[in-house]
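Structure first, commentary second.
The values are calculated or read from the model by the stated rules, or taken from the named source; none is laboratory data. Predicted model only: the values in this text are computed from it and were never measured. Glycine also receives a Cβ, built like all others from the backbone with ideal geometry; neighbour counts cover every protein chain displayed. Ligands, DNA and RNA are stripped out before the accessible areas are found, and what is left, the full protein with its side chains, is counted by its heavy atoms. Shrake-Rupley method; radii C 1.70, N 1.55, O 1.52, S 1.80 Å.
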Amino acid sequence: MRLTYQTDYALRLLMFLAVQGNRRSSIHEVAEHYGISENHLMKVTQRLAALGYVDALRGRGGGLRLANTPVDVPIGLIVRAVEPDFALVECFGGENSCPITPVCQLRHVLDEAHTAFLHVLDGYTLKDLVARPAALRGALDLVTITDA
């Protein structure tokens, strides 16, 4: 199973904002620190803002910051909201032409694995992902701020 770049970038953006505290950050700044595409990050940011996880303010003094505390950002819900689909194999999708579908158990096994995967993610929040904020800021070469 592999998550899309959208989901990867969404989680990384949330982690970045979490270690920044109340300080607002720009898309350019986040993209530069991660070495990722600003255009892709902009799409992810718009999605997270629409979902209420990112507070995005335009203009002078604007920027991005978390809309909630890290403990209130469930990882499982983020992945479900951002990942476009979980069609692991053809029979999960709408256009299934596999001839063994009526007798095949693969779909059931993969569906069970998918459910277990999301169940594990449901046990974590953004707070768990940023448990070592100083180390994350160091890895991202961010200016040190006081740990909360």
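Some notes on this structure:
- The stretch 55-114, residues that are under 26 Å from LEU41 (Cα atoms), at pLDDT below 90 and out of contact with any strand residue (DSSP E or B) (no Cβ under 9 Å at 6 or more places or on another chain): ARG58, GLY59, ARG60, GLY61, PRO84, ASP85, PHE86, ALA87, LEU88
- Filtered by the rule that a residue be touching a residue at least 24 places away in the same chain (Cβ under 8 Å), at positive phi and in a loop (DSSP other than H, G, I, E, B), the stretch 57-89 gives a lone residue, GLY61.
- Residue match in the stretch 105-112 (condition: assigned to a loop (DSSP other than H, G, I, E, B) and either more than 24 Å from TYR5 (Cβ to Cβ) or open to solvent by 50 Å² or more (accessible area, probe 1.4 Å) (or both)): yes
- Among the residues of the stretch 25-35, the one identified as in contact with a Leu (Cβ under 6 Å, 6 or more places away or on another chain) and open to solvent by 40 Å² or more (accessible area, probe 1.4 Å) is HIS33.
- Among residues of the stretch 1-34, those that are part of a helix (DSSP H, G or I) and within 18 Å of LEU51 (Cβ to Cβ), counted: 16
- Search result, residues across the stretch 36-56 that are touching a residue at least 40 places away in the same chain (Cβ under 8 Å) and open to solvent by 50 Å² or more (accessible area, probe 1.4 Å): ARG47
- Positions within the stretch 90-104 being open to solvent by 40 Å² or more (accessible area, probe 1.4 Å), outside any helix (DSSP H, G or I) and not hydrophobic (A, V, I, L, M, F, W, C), in sequence order: GLY94, GLU95, ASN96, SER97, PRO99, THR101, PRO102
- Going through (1) farther than 13 Å from VAL79 by Cα; (2) touching a residue at least 24 places away in the same chain (Cβ under 8 Å); (3) surrounded by 12 or more Cβ atoms within 10 Å (Cβ to Cβ) one by one, ASP141 falls short only on (3).
- Pairs with Cβ under 8 Å, 6+ apart, first in the stretch 116-135 and free of Cβ contacts under 8 Å to residues at least 24 places away in the same chain, second loosely packed, with under 13 Cβ neighbours inside 10 Å and not basic (Lys, Arg): ALA134/THR144; ALA134/ASP147
- Unique residue being under 20 Å from TYR34 (Cα atoms) and not hydroxyl-bearing (Ser, Thr, Tyr) when the list is LEU77, LEU110, LEU118, LEU140: LEU140
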